[in-house]
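Note sheet for the following structure.
Throughout, read-outs are computed from the coordinates displayed, never taken from laboratory work. Bear in mind that the values here come from a model prediction, so they are computed numbers and not experimental data. Glycine also receives a Cβ, built like all others from the backbone with ideal geometry; neighbour counts cover every protein chain displayed.
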Amino acid sequence: MNMRALRGVGETDVVVIGAGQAGLSSAYHLKRLGLTSGAGFVVLDSGGAPGGAWRERSPSLTMEKVHGVFQLPGTRWSPDTSVATRPAAEVVGAYYGDYERRYDLPVQRPVEVRAVRPGDDGRLVVETGTAIWTARAVINATGTWTRPYWPYYPGSAEFAGRQLHSAEYRGPAEFAGQRVVVVGGGHSATHILSEIADVAASTTWVTRRPPTFYREEFTEDFGRRVIAQVDERVRAGLPPESVVHVTGLGYTPVVEAALAKGVLERHPMFERILSHGVRWDDGRSADADVIIWATGFRAALDHLAPLKLREPGGGIRMDGTRVVAEPRVHLVGYGPSASTVGANRAGRAAALEVRSALRAVSAAIAIVGA
């Protein structure tokens with residue numbers, strides 16, 4: 001296939017897909033390691049502006065409510081109290097934008113990557129909506145935000161009220177006077193509950209398993225221990241579990257506020273959704289006007305499907321950041337690096353491995369040509 005005859009083609013050494021924390025960390029380390037020479041690298045981001053998933057967060061999530069924003073590599077960023085009441089989407093978005101400019105990172109946006117395929121001459125083909133790139137390696141940092149997870153429960157189609165995912169939540173005002181069921185045991189659920197408790201007629205918190213709370217500060221050391229547990233699953237080719245599933249809920253200001261309002265009284269998962277609410281297997285029921293599914297996300301990897309990376313267990317077997325089935329592809333922001341503390345380390349690890357692999361290829365070419 002003559003791709004150049006079809007549409008514009010760019011040739012590069014490395015394509016980084018995504019410019020959230022994991023993508024920017026990878027780009028920073030690629031540049032620091034000297035991968036700007038030769039064909040260099042490019043960062044393709046689907047967002048309309050800097051900020052990654054942060055720019056999609058609810059305006060009501062202000063900086064004082066944020067669980068934690070880890071610094072991007074090479075910076076010492078500590079937002080002062082003057083931004084405490086500003087939306088995190090704005091503050092973090094501005095931080096990411098300044099970072100891209102400071103390090104002159106080659107970010108192109110908005111660019112939607114539609115597929116990554118094996119190409120000719122040992123290269124990978126990255127197809128976007130407007131062009132095709134060929135690369136010797138791909139660092140995928142697409143995160144999870146674009147793939148909200150909606151579990152199925154009997155009767156969901158019968159519900160006469162409104163259902164939405166936490167990704168669509170934009171603040172408490174629209175739930176004034178309504179009876180709201182919030183499903184999910186993570187920080188998104190506690191954030192929503194803490195806010196809508198002030199305006200809703202009633203709230204009901206439902207989780208699959210009893211929540212656990214921890215008081216240990218979420219330091220980098222604590223994060224590394226958590227990451228090690230998630231890493232065991234991806235090395236076995238199993239779907240990764242969320243960090244919250246491993247850690248539980250910290251006593252953040254949002255959690256403390258929700259506890260003070262008495263809205264973290266947990267109920268087990270209901271058996272069925274009714275037209276007017278939900279029902280448990282013991283016959284109890286709760287009326288509801290709204291069900292908010294704070295049930296997390298899945299890795300946004302559909303564009304990698306042509307590479308056939310999935311293992312029989314449903315996950316992608318990893319060795320560090322490298323995909324075992326396709327060593328030219330590295331996943332950052334996946335599994336153990338899905339947390340902010342893991343993303344920076346994964347970006348550096350991926351950049352180091354990519355540089356090593358590219359050097360090995362160059363050496364082999366030189367030997368053949370000698």
Relative to the Cα centre, what is the charge dipole magnitude of the range 26-97, using +1 at the beta carbon of each Lys and Arg, -1 at the beta carbon of each Asp and Glu, and rounding to the nearest 20 debye? 160
Hey, can you rank 157-167, 87-97, 199-209 by average C-beta count inside 10 Å, highest first? 87-97, 199-209, 157-167
For LYS65, counting only lysines whose alpha-carbon sits under 20 Å away and dropping same-chain residues fewer than eight positions off, the answer is LYS261
With the charge dipole of the range 105-204 built from beta-carbon charges (+1 for Lys and Arg, -1 for Asp and Glu) about the Cα centre, the Cα from GLY119, ALA197, THR130 projecting farthest to the positive end belongs to GLY119
When the Cα centres of the range 175-212 and the range 248-270 are compared, how far apart do they sit, in Å? 8
Burial order of peptide ranges 11-23, 256-268 (average beta-carbon count within 10 Å, highest first): 11-23, 256-268
I'd like to know which of VAL278, HIS303, HIS267 lies farthest towards the positive end of the charge dipole of the range 260-309, counting +1 on Cβ of Lys and Arg and -1 on Cβ of Asp and Glu. HIS303
The range 155-217, relative contact order in percent, only Cα pairs under 8 angstrom and at least six apart counted: 34
Counting other beta carbons within 10 Å of each Cβ, put ASP121, ASP45 in order, fewest first. ASP121, ASP45
What number comes out for the charge environment of ALA201, summing +1 per Lys or Arg and -1 per Asp or Glu over other residues with Cβ under 11 Å away? -1
